[in-house]
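Each remark here refers to the structure printed beneath this line.
Every number in this text was worked out from the coordinates using simple rules, so none of it is lab data. Since we're looking at a predicted model, the values are computed, not measured. Every residue, glycine as well, gets a Cβ built from its backbone with ideal geometry; the counts of neighbours run over all protein chains shown.
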């Protein structure tokens, strides 16, 4: 599916000062040039189908990183759209709500077979509104997934195992109180919506969305419609990879396949220009429901200057997708990739730029030799958070990685500063700490796992008490309209930037904490009386400072 939103503090602050967007419509040639600048020569070898949708105009482009691969995709290609499927489930749910067949304030349990063991928090149940805002508290994946390999991880999961997994789950907080992206909850919702509607999920999608909008090439488990070919997915090291499969009624989590034209029609409906009968339901799915982070019904609410934009990304083992709807500007964006870009930051830079030209476009990732000094600085033993040890070695001008008990892999290096195994779909992102030492984040299959160097003989700093952590709590304005809220919660120090979800901080030294997965280090500064007065937030070589309020 897709990676849940990450607290990239400095990236968000840049969006707050985005200048007004240009009103000029985009044509095919202009779009092709933008895509070319971002894609051509990219080391992933990806092929993209891209559309910019405006009321009287649709610009389209089909391009590959290597022009020799141009035949891989075309207007007849159906792509796996991954978690963008969740926005379609939201539309089906909204229709049922408007028909009086339920409410967002219904308990999740009431939409499931009687006796299904749904967890609660001290008597507070999970509501449907919690599921569509990823605040249900259910974990990311069901306990009984049954995956025998990561090339098709959901293939063995059926409805019985999914519902039984609810009995294994325990909530750590009240539903609605914290954001945690959950494919588990989304699969349960897909099943529940199909059950309430009284038909299988694919038939429901076809009857209530695909046919009314003319999405003739879209499907789930059925064979591709006549004249439609299933695109072949790829990993970012240019290797073909198998398609993902889902039990039909669970496929709302990420199982829809669609052509570019199908998604153009879907976005046109989202902008109010197609599917008149669907408009009340679509408007309901777009209405804000929660603020941390801002979300509608399975849509992320992002800012582009003063405008609010609906966004969702998706990814499977071999595909990535990006869809955005900007109602105030009257523009929609669709990007479908036959290569998964999850581990390298997904399609966001191109997608955001097409939504609003003030956002940086980004550039192709090209393989380059790594600085020998960087290789030497990274070499050593590391501990993955909550996982295995990993060794980095340098040899013949390359970094080599070896996880405990596994083989060694040579790493490529690109001009974005990331290392990547030549044989696996993963990324090693070096993180330079404020004191000059290095750690890294390991990204694979949607997971972002921080790694810290194992220093021989070094003792871990003592864990601060809950009382000591409360001494850091406060609100720290970093920029106009942008603040960092620091809180102690259950013996853990957390930080939450304006408009984003909370994330935990790990003590690394006196008055110093980090969120290693995001490359964030926070240093608290005290006044002469010893009270915490301000903080410095270090990320990506930049520093933001805020005085405690």
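Data overview
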{"read-out": "Average Cα contact separation per residue, segment 177-264, under 8 Å, 6 or more apart, as relative contact order %", "value": "36"}
{"read-out": "187, 445, 263, 390 arranged by Cβ crowding within 10 Å, fewest neighbours leading", "value": "445, 390, 263, 187"}
{"read-out": "Dimensionless Rg/Rh of segment 466-547 - Kirkwood Rh, Rg from C-alpha atoms", "value": "0.93"}
{"read-out": "For segment 210-240 versus segment 403-453, the gap between their alpha-carbon centres in whole angstrom", "value": "32"}
{"read-out": "Alpha carbon centroid spacing (whole Å) that separates segment 298-359 from segment 111-144", "value": "28"}
{"read-out": "Mean separation of Cα contacts under 8 Å, 6 or more apart, over the residue count of the chain: relative contact order %", "value": "15"}
{"read-out": "Measure of compaction for segment 372-453 (Cα Rg per 2.2 N^0.38 Å)", "value": "0.99"}
{"read-out": "Order of 211, 132 under a 10 Å beta carbon neighbour criterion, fewest first", "value": "211, 132"}
{"read-out": "Compactness of segment 416-505 as Cα Rg over 2.2 N^0.38 Å, two decimals", "value": "1.38"}
{"read-out": "Hydrodynamic radius by Kirkwood, which averages 1/r over all alpha carbon pairs of the chain, in angstrom", "value": "24.4"}
{"read-out": "Helix-only mean residue ellipticity at 222 nm for the chain, each DSSP H run of n ≥ 4 adding -39500 (n - 2.57), per residue, nearest 500", "value": "-5500 deg cm²/dmol"}
{"read-out": "For segment 116-225, average projected area of the Cα convex hull in nm²", "value": "8.1"}
{"read-out": "Segment 245-361, relative contact order [Cα under 8 Å, separation at least 6], %", "value": "17"}
{"read-out": "Dimensionless Rg over Rh [segment 334-422; C-alpha; Kirkwood]", "value": "1.07"}
{"read-out": "Alpha-carbon centroid distance for the pair segment 519-543 / segment 241-293, whole angstrom", "value": "42"}
{"read-out": "Order of 168, 356, 435 - criterion: other Cβ atoms within 10 Å of each residue's Cβ, fewest first", "value": "435, 168, 356"}
